[in-house]
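Please read the structure below before turning to the comments.
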Amino acid sequence: MKESRRSFLKIAGVSALGVTAASNAHAIGEYFIPSEQAIKDQKVSTADRWGMVIDTRKLTHELNEKIAKSCHLNHNVPTLENKNHEIKWIWEEHYEHAFTQQPNEFQAEETAHAPILTLCNHCDNPPCVQACPTKATFQREDGIVLMDFHRCIGCRFCMAACPYGSRSFNFRDPRDAMEDGKPTNPEFPTRTKGVVEKCNFCAERLAVGKDPYCVEASEGALVFGDLSDENSEIRKVLKENYTIRRKASLGTGPSVFYIV
Amino acid sequence: MKDKGKIIAGVAIFAALVSFPFWYNTGTAKPAPELILAPEAKAAVTCILPKDQMAKEHMQLLDGWRNSVVREGQRVYVAEDGKKYDMSLSNTCLECHTNKADFCDKCHDYAAVNPYCWDCHVNPKEK
Ligand code: SF4
Ligand code: SF4
């Protein structure tokens, strides 16, 4: 009697588990498009690890503005007057703020006042991804740290985790700040109040074989490419120039390099 | 059992109150709205899936599209007939269904569903 009760409980337990799992799988309800029905564009640019080199010697304040504008207009990033509500994907930063681990009170004039461009570093070991409880922030196979805005619950753990301040939070509906509530690029979505956002390395452009907007607008100051491909242009630039990364000692493995 | 009468009256009142919305609304149900196809949609003749399936499953399909695009980076949908579509609500669906108010909203309002797609996704034809 004892034995059969025991085995009954076991079977009941396992079946309960099975039923719950099955019903949960259904509840999550992911409707997967069969793989032969979902493909990439023929023109797609692929890489094992996308990266960028920023030649700060070529940057000027005007060029930085132009680059940021091109990114922000095309990604419907609103311009908000209130600094606390500011949203930015790519922006200008003082040298000593961008490179806090290279403090030098006797820095060369030119370097100390160089207008540095900063953006998400698409870290190889991204702390923001580890912090995100919903997997709204995740790392793609090509190294891009991307956000699935649908899943973002606005907890801002990622903002606390990112050592670079690369992320902005939508304290208000971004459309309120747009002319007539209309986005500047109707082909790209806006975000909504309560989600975090940041640079996406122009994933939507790479998908059709184009370079990121910032690279296109940079007049050669920004080089974009596959860091894992020894023969790529970016690797050539990295081989020929001394580069530094922001707070590399933290172990985040930034994929954005600076020639200073 | 001296309170039998009170209990029965109480139960009756309770049942009447609970079922109030049902009997109050009987017979006033509105017919499902007729969908109006935009000229662009008529010209295209076929949607990406048969009409009935779209009506029933477009939400799951869009959910699948979003996973495919955002998570897998696969942005092109190959329909049964081999035709390729960009998986995009704004840039593909609304290209044909240019009348969001008459096509999407009408039914969503009728069904009292409030999809938040439009909080972020743009209706390109919006004036
Ligand atoms: S720079 Fe910040 S937001 Fe970007 S991947 Fe690194 S930790 Fe994440
Ligand atoms: S704010 Fe959004 S992206 Fe950031 S950790 Fe929370 S859920 Fe993830």
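The values are calculated or read from the model by the stated rules, or taken from the named source; none is laboratory data. The structure displayed is predicted, hence computed values, not measured ones. For neighbour counting, all protein chains shown are included, and Cβ atoms are generated from backbone atoms with ideal geometry for every residue, glycine included.
Any idea which residue in segment B:46-70 is nearest to the other protein chains (Cβ to nearest Cβ), counting only those that are in contact with a helix residue (DSSP H, G or I) (Cβ under 7 Å, 6 or more places away or on another chain) and assigned to a helix (DSSP H, G or I)?
Filtering segment B:46-70 for residues that are in contact with a helix residue (DSSP H, G or I) (Cβ under 7 Å, 6 or more places away or on another chain) and assigned to a helix (DSSP H, G or I), the one nearest to the other protein chains (Cβ to nearest Cβ) comes out as B:ARG66.
From A:LYS135, A:LYS193, grab the single residue that is free of Cβ contacts under 8 Å to residues at least 40 places away in the same chain, in the same structural domain as A:LYS88 (by TED's automatic domain parsing) and within 9 Å of ligand 2 (Cβ to nearest atom).
Values: A:LYS193 fails: within 9 Å of ligand 2 (Cβ to nearest atom).
Checking each option against the conditions leaves just A:LYS135.
Quick check: is even one residue across segment B:48-63 touching a Pro at 6+ places or on another chain (Cβ under 6 Å), at pLDDT 90 or above and buried (at least 16 other Cβ atoms within 10 Å of the Cβ)? Spell out the reasoning first.
Taking segment B:48-63 first, the residues touching a Pro at 6+ places or on another chain (Cβ under 6 Å) are none.
No: segment B:48-63 contains no residue that is touching a Pro at 6+ places or on another chain (Cβ under 6 Å), at pLDDT 90 or above and buried (at least 16 other Cβ atoms within 10 Å of the Cβ).
Considering (1) within 14 Å of another protein chain (Cβ to nearest Cβ); (2) in a loop (DSSP other than H, G, I, E, B); (3) more than 11 Å from ligand 1 (Cβ to nearest atom), say which one A:GLY143 fails and leave the rest.
(3)
Name the single residue that is farthest from A:SER228 (Cα to Cα) among those in segment A:160-175 being surrounded by fewer than 17 Cβ atoms within 10 Å (Cβ to Cβ) and without any contact (Cβ under 8 Å) to a residue 60 or more places away in the chain.
Selected residue: A:ASP173.
Out of the helices (runs of 4 or more DSSP H) lying entirely within segment A:69-133, which hold 1 or more residues that are within 16 Å of ligand 1 (Cβ to nearest atom), crowded, with 20+ Cβ neighbours inside 10 Å and over 13 Å from the mean Cα position of the chain (by Cα)?
Hits in segment A:69-133: A:95-98.
Among the listed residues A:ALA221, A:ALA203, A:ALA217, A:ALA207, identify the single one that is more than 16 Å from ligand 1 (Cβ to nearest atom), within 14 Å of another protein chain (Cβ to nearest Cβ) and among the aliphatic types (A, V, I, L, M). Steps first, please.
Details: A:ALA221 fails: within 14 Å of another protein chain (Cβ to nearest Cβ); A:ALA203 fails: more than 16 Å from ligand 1 (Cβ to nearest atom); A:ALA217 fails: within 14 Å of another protein chain (Cβ to nearest Cβ).
Result: A:ALA207 is the single residue among A:ALA221, A:ALA203, A:ALA217, A:ALA207 that is more than 16 Å from ligand 1 (Cβ to nearest atom), within 14 Å of another protein chain (Cβ to nearest Cβ) and among the aliphatic types (A, V, I, L, M).
Only residues that are free of Cβ contacts under 8 Å to residues at least 12 places away in the same chain and not hydrophobic (A, V, I, L, M, F, W, C): list them for segment A:98-131, please. Can you show your working first?
At the first step, the residues of segment A:98-131 found to be free of Cβ contacts under 8 Å to residues at least 12 places away in the same chain are A:103-106, A:108-110.
Matches in segment A:98-131: A:PRO103, A:ASN104, A:GLU105, A:GLU109, A:GLU110.
Residues are listed down the side, and each one gets a yes or a no for (1) closer than 19 Å to A:ILE116 by Cα; (2) under 16 Å from the mean Cα position of the chain (by Cα):
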residue: A:HIS150; (1), (2): no, yes
residue: A:PHE157; (1), (2): no, yes
residue: A:PRO163; (1), (2): yes, yes
residue: A:ASP180; (1), (2): no, no
residue: A:GLU197; (1), (2): no, yes
residue: A:ARG205; (1), (2): no, yes
residue: A:LYS210; (1), (2): no, no
residue: A:ALA217; (1), (2): yes, no
